[in-house]
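The values are calculated or read from the model by the stated rules, or taken from the named source; none is laboratory data. Every value quoted in this text rests on a predicted model; they were computed, and no experiment measured them. Quick reminder, even Gly has a Cβ in these numbers, built from the backbone with ideal geometry, and neighbours come from all protein chains shown.
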Amino acid sequence: MDNPENRLEELFNRYYQGLATASETEELMAFIRSSKDDAVLEKFLKNGWLSPDSEHSIFAAGTSRTMLDSILDSSRRPEKVTTKVFQLGWLRYASAAAIILLVGIGIWWKSRSDPSEIAHSEQSKTEDIKPGGTRALLTLSDGSAIELDRVGSGFLARQGAAEISKSKDGVLVYDAKSGTETSKININTLATPKGGQYEMVLPDGSKVWLNASSSIRFPSVFPASERKVEITGEAYFEVAKDKSKPFKVKFNRSEVQVLGTSFNIMAYPEEGPSRTTLVEGSVFIKNVDQNKRLVPGQQAAVLSTGQIKTQYIALDGALAWKNGMFYFKDASIEEVMRQISRWYDVEIEYSGKIPLRQFTGKISRNVNLSEVSGMLRYAGVHCRIQGTKMIIDP
């Protein structure tokens, strides 16, 4: 790059406007950590944080200045970690990854004299926890299981007329020849643990992405009448078109029916109402009480009463996990911690009264837990890592 400053400005602007890809975000953070010019970084930090642009402004001018001064002050004093609880009316927007906050913390990390001291002082002796990765367990119809993260690419097994393999890029693929007769239905299950996610191709060519702590049950070869699968947790689908054979997804007590489309289903029991978000195409969602059709950009929430409520939403929020991001909008500390628990495979413990906070913003899912912890601390949440546990203090 002829002019690193120009590249930094480009990355910073894309990140601040919420347009940066996962690779661009990683490039920006790497630049911040390795940069030798604090003045350049501080300039972009100030420009973004104090931007008068109302479209992208996160905090009022006075609050922004106070918070910025605090972060920059911390970045200039690497010998001591200072945690401040801000109570200036910004708690509603005190995101663990409010765009400029993430950059500010990056500057503070970069300025520490010893790279091994990235973790906060009280957890410096604790081994850091890495983010989740591509891990899943495939269980065949006879009960035998294959740990997909422990096997190489190539042929794995055969189920009826379907050949099962793992591609070079780690995708599980079911190859069933069209027109294959299926005298026996072999039901297989793909399940991700906490800290795991996985991508697969179903026997009809449909693609599925599973989030952490999720599963999908499916036949190794779809019968002639229909294509039907069942999920728990969260999954994103890109369904292959077949007008003669509808595609159905069962979850909890609901069902989504499509012909060929892209959509996301979030059905974690602990998250309350299940949510189906349509990206493109058309889907019908139904249960014993209602039947509703969605159009692209709509999300359907199935309440505990069985009622289905629809609304238009920003798709980047529903699809953030698939794109390598946490996305929070007015999320409580409990909502934030449930996502962190699933992705980092940690137990969450509240040592006292649960803090009343609401978070709005994004965090990369590719960073270690200590980095997320650092962001939360800057947002006024006292948290610490102990072994495989994250403790939230009053």
Among residues of segment 375-394 being surrounded by fewer than 19 Cβ atoms within 10 Å (Cβ to Cβ) and in contact with a Cys (Cβ under 8 Å, 6 or more places away or on another chain), the residue farthest from Ala320 (Cα to Cα) is Asp393
Item to complete: Examine segment 363-374 for a residue that is modelled with pLDDT of 90 or more, among the β-branched types (Val, Ile, Thr) and over 15 Å from Phe326 (Cα atoms), and state whether such a residue exists.
Response: no
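How about segment 164-230: which strands (runs of 3 or more DSSP E) wholly inside it have at least 1 residues that are surrounded by 20 or more Cβ atoms within 10 Å (Cβ to Cβ), on the phi < 0 side of the Ramachandran plot and of a type outside the set (A, V, I, L, M, F, W, C)? Working first, answer last.
Details: elements: 172-176, 187-191, 196-201, 207-210, 215-219.
Passing ranges, in order: 172-176, 187-191, 196-201, 215-219.
Taking the conditions exactly as written (assigned to a strand (DSSP E or B), of a type outside the set (Gly, Ala, Ser) and either touching a His at 6+ places or on another chain (Cβ under 6 Å) or over 27 Å from Pro131 (Cα atoms) (or both)), does Gln257 satisfy them or not?
Working: assigned to a strand (DSSP E or B): yes; of a type outside the set (Gly, Ala, Ser): yes; either touching a His at 6+ places or on another chain (Cβ under 6 Å) or over 27 Å from Pro131 (Cα atoms) (or both): yes.
Criteria met by Gln257.
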Residue count, segment 199-258, condition of a type in the set (Val, Ile, Thr) and touching a Leu at 6+ places or on another chain (Cβ under 6 Å), comes to 1
Result of the Cβ filter at 9 Å on segment 327-349, keeping first residues that are surrounded by fewer than 21 Cβ atoms within 10 Å (Cβ to Cβ) and partners that are part of a strand (DSSP E or B) and acidic (Asp, Glu), at least 6 apart or interchain, is Ser341/Glu347
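Which members of segment 134-157 meet the condition of being assigned to a strand (DSSP E or B) and either on the phi > 0 side of the Ramachandran plot or surrounded by 14 or more Cβ atoms within 10 Å (Cβ to Cβ) (or both)? Spell out the reasoning first.
Taking segment 134-157 as the starting set, the residues that turn out to be assigned to a strand (DSSP E or B) are 134, 137-139, 145-147, 154-157.
Selection gives Thr134, Leu137, Leu138, Thr139, Ile146, Gly154, Leu156, Ala157.
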For Phe155, the lone unmet condition from (1) hydrophobic (A, V, I, L, M, F, W, C); (2) within 18 Å of Arg217 (Cα to Cα); (3) in contact with a Lys or Arg (Cβ under 9 Å, 6 or more places away or on another chain); (4) at pLDDT 95 or above is (2)
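Please state which one of Asn291, Asn323 is closer than 19 Å to Gly133 by Cα, of a type outside the set (Lys, Arg) and surrounded by fewer than 16 Cβ atoms within 10 Å (Cβ to Cβ).
Numbers: Asn291 fails: closer than 19 Å to Gly133 by Cα.
Criteria check complete, one pass: Asn323.
Conditions (1) of a type outside the set (A, V, I, L, M); (2) without any contact (Cβ under 8 Å) to a residue 24 or more places away in the chain, marked per residue:
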residue	(1), (2)
Pro193	yes, no
Val208	no, no
Lys248	yes, yes
Met266	no, no
Thr277	yes, no
